[in-house]
Amino acid sequence: MAVGSRSPDHMPSHVRDHPAVVAACRRRDIGQLFRTINNLTDGPGQFTASHLARRCALTPSRVAEYMAGKRQASSVAVIARVADGLGIPMDRFGLDRGSGEPGEASPDRGTQTPQAWELLDAITKANISSDTLAQMERAVLTSAIRYPSTAPQALLPSVLNMLSRLHSALSQPQSARSARQCTRLVGILAGLAGNLFLDLDDQARAHSYFEVGYAAGREAEDDPLTAWVLATQSIGPTFAGQHARAAEMLDQAASLVGGHGNHRREAWVLALAARAHAALGDSRRTLDLLDQAARALAIADAPSGIDFFDPARLQGIAGTCHLRAGNTAEAEPLLVNALDRRERSDIKGRALLTLDLAQCKIVEGEVEEACQLTHSALNLAAGSLVRPIADRAGSIQHDLGRWPALAPVTALSERLRDETAALPD
């Protein structure tokens, strides 16, 4: 179908509104969308791969990959660029112009805090590159180290501020090396931001930032970073009881992290995968993964940066795995030992271990002691009560429902209702 003798300034309405174009938009299938537009135009006015690339601010090679079905454009950033470049309304893709995801409230923004899609936009526009801004990297890693001992409300502003600075850097011309390193740092900070929003029970924003982190790892061709983001993201489904989803994410992370020499991160991912499979009742797979994690940790380099998984943490996860199998005789001493060895500053980790000990007491029928331990965990988390701790405490409360008339159970239920109601919106 001819649309003119030269590439038009705008896509003709009969092409834009063609049923096949509308259907491709609805499926967010950018490759099919490009192929359809290319087929519906011809002659000098044909929308070729080069023309589509120019209009959508993509490289011709990227457009060719989409059209050949070798690459899927799943990020909101790419979809927004395509919509802008081709003059297609965003709602055809099921997206709202002011939001990062369908149905997602726009993040509260300071004057310099980018939305998640803006970060994705900057990442995919930048060259695949790496030059180290050493001071920024130290600040990023310091934020990751502070996470276990810092309330999310206290840490989140500095994380978002650093993301703003990196967004500005990626939006400017950079050397290949510099852009790649900036992209890696965005991946770490976005994963951390996702975890912080998860702690604050903001699922929509958590999802958006985890998407940014995943995209950053892939764009930087850094499989261990992508694995780290997936493993971090799996914490939400784990404590929400979505164990099959967590196991799927962690199995993918394990396939990415192996063979890169980062044995400490590999051990962490394998241990988390063991915990997920334990919840699914696969004891053989659980023990195999724990064994692999122990072997990887035994040959790991010294802890550094975001890789601080250690024998005490592995011991705690092993205790949780035995607890999920109903074997409290094995679980309890492991959990007690892990709690004794855990840094006093790791408030969140110590609280979760204490809640696992409370679960052991429920299995053993020690109701009053289970309630006392749960109160202890909530005391530890005072001022830093986050969604995973609240979810874990909620599961304890559910299991204590067998004894609704007992005074300790009633008192604990009232406390949990009051404290979880105070979680930030």
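The residues listed here are 272, 287; of these, the one that is of a type outside the set (D, E, K, R), buried (at least 22 other Cβ atoms within 10 Å of the Cβ) and outside any loop (DSSP other than H, G, I, E, B) is 272.
To keep it simple, each residue is scored yes or no on (1) surrounded by fewer than 17 Cβ atoms within 10 Å (Cβ to Cβ); (2) outside the structural domain of residue 72 (by TED's automatic domain parsing); (3) modelled with pLDDT of 90 or more; (4) of a type in the set (Asp, Glu).
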| residue | (1), (2), (3), (4) |
| --- | --- |
| 29 | no, no, no, yes |
| 38 | no, no, no, no |
| 42 | yes, no, no, yes |
| 51 | no, no, no, no |
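Out of the helices (runs of 4 or more DSSP H) lying entirely within the stretch 94-208, which hold 1 or more residues that are at pLDDT below 80 and among the β-branched types (Val, Ile, Thr)?
Numbers: elements: 116-125, 134-146, 152-170, 176-199.
Per the criteria, 116-125.
Cβ-Cβ contacts under 7 Å between residues 6 or more apart (or on different chains), taken from a first residue in the stretch 212-237 that is in contact (Cβ under 8 Å) with a residue 40 or more places away in the chain to a second residue that is aromatic (Phe, Trp, Tyr), are listed as 229/210; 229/214; 231/268; 233/210.
The set of residues from the stretch 327-341 being of a type in the set (Gly, Ala, Ser) and surrounded by 15 or more Cβ atoms within 10 Å (Cβ to Cβ) comprises 331, 338. The condition of being at pLDDT 95 or above and not assigned by TED's automatic domain parsing to the domain that holds residue 195 holds for only one of 294, 302, 325, that being 294. Checking each residue in the stretch 228-244 for being in a helix (DSSP H, G or I) and more than 13 Å from the chain's Cα centre (by Cα) picks out 239, 243, 244.
Selection of first residues in the stretch 58-69 that are among the charged types (D, E, K, R) and of second residues that are buried (at least 17 other Cβ atoms within 10 Å of the Cβ), restricted to Cβ pairs under 9 Å at least 6 apart or on distinct chains, gives the following pairs, ordered by first then second residue: 62/53; 62/73; 62/78; 62/124; 65/31.
In the stretch 247-273, the residues that are within 15 Å of residue 237 (Cα to Cα) and without any contact (Cβ under 8 Å) to a residue 12 or more places away in the chain form Cβ pairs under 9 Å with partners that are buried (at least 24 other Cβ atoms within 10 Å of the Cβ) and of a type in the set (S, T, N, Q), at six or more places apart or across chains, as follows: 248/234.
The values are calculated or read from the model by the stated rules, or taken from the named source; none is laboratory data. Values in this document were obtained by computation on a predicted structure and should not be read as measured data. Backbone-built Cβ (ideal geometry, glycine too); neighbour counts: all protein chains shown.
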